[in-house]
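Report on the following structure.
The values are calculated or read from the model by the stated rules, or taken from the named source; none is laboratory data. For clarity, every value in this text was computed on a predicted model and none was experimentally measured. Cβ sites come from the backbone with ideal geometry, for glycine too, and all protein chains shown count toward neighbours.
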Amino acid sequence: KTTLLLDLMGVGPASLERVSRVLRGGRAQGQSATATTMEYRRSADQRWGLRISDAAIRWFDDDRGITEALGQVRAAMEARQLVGQEPSIVHIPIECFTSQAGQPAVRMLDLPGDKPANPTEQEHVQEMARKYVPLADLILLVGKGDDLSFLQPGGLTLPGIEDWQSVPGRFRIVTTFSFTAQSVRT
């Protein structure tokens, strides 16, 4: 999901792995990485930036510092210490983008997944969805191509998303893991 948003923003293919690794905040593949609602922006220079709620932006000169800071954001959310109800803003170094043009004219928010294993994260996701989903012009529903059960009635539980079929113009379905090397060979 996050990789799709980064691609839409213009993060270059050569930088996708690096940026994705940093944004995971030290979490392994397969684990939920988006701890809270995130907004990604182009940095004006080569530094990473992180703004939590209404605090000042913290700037980082290397990947390690921002990765640790994003890990702390997750820890704060899981400990119910994440203060504020605004998206966290991550400034991605400008060198990671394919063009040096300005930011896209749209605001893209990355919400944590619909059914996280952590109950604290689930509460947080519900709260953030109640605030931001009604304001969205377009919502991407991202799920595994080999398991579309999330599209069945009751499959989605976030406020404003559970009835996606009644307003299909606001939604697009994007599948991940739609094929494997073996399925292509077959």
Could you check segment 117-173 and list, in sequence order, the residues that are over 29 Å from A79 (Cα atoms) and small (G, A, S)?
G145, S149, S166, G169
One residue is enough: does segment 97-110 have a residue meeting the conditions at pLDDT 90 or above, farther than 22 Å from I173 by Cα and not in a strand (DSSP E or B)?
no
Any idea which residue in segment 112-153 is farthest from L82 (Cα to Cα), counting only those that are of a type outside the set (A, V, I, L, M), touching a strand residue (DSSP E or B) at 6+ places or on another chain (Cβ under 7 Å) and loosely packed, with under 15 Cβ neighbours inside 10 Å?
G145
Give the residues of segment 131-173 that are assigned to a helix (DSSP H, G or I) and farther than 17 Å from M38 by Cβ, sorted by residue number.
P134, S149, F150, L151, W164, Q165, S166, P168, G169, R170
Would you check which residues across segment 69-96 are in a strand (DSSP E or B) and under 22 Å from V133 (Cβ atoms) and list them?
S88, I89, V90
Selection status of V19, under 26 Å from V133 (Cα atoms) and at pLDDT below 90
no
Give segment 124-168 a look and list any residue that's under 19 Å from R107 (Cβ atoms) and without any contact (Cβ under 8 Å) to a residue 24 or more places away in the chain, or say none.
L135
Within segment 35-68, the count of residues that are touching an Asp or Glu at 6+ places or on another chain (Cβ under 8 Å) and part of a loop (DSSP other than H, G, I, E, B) comes to 6
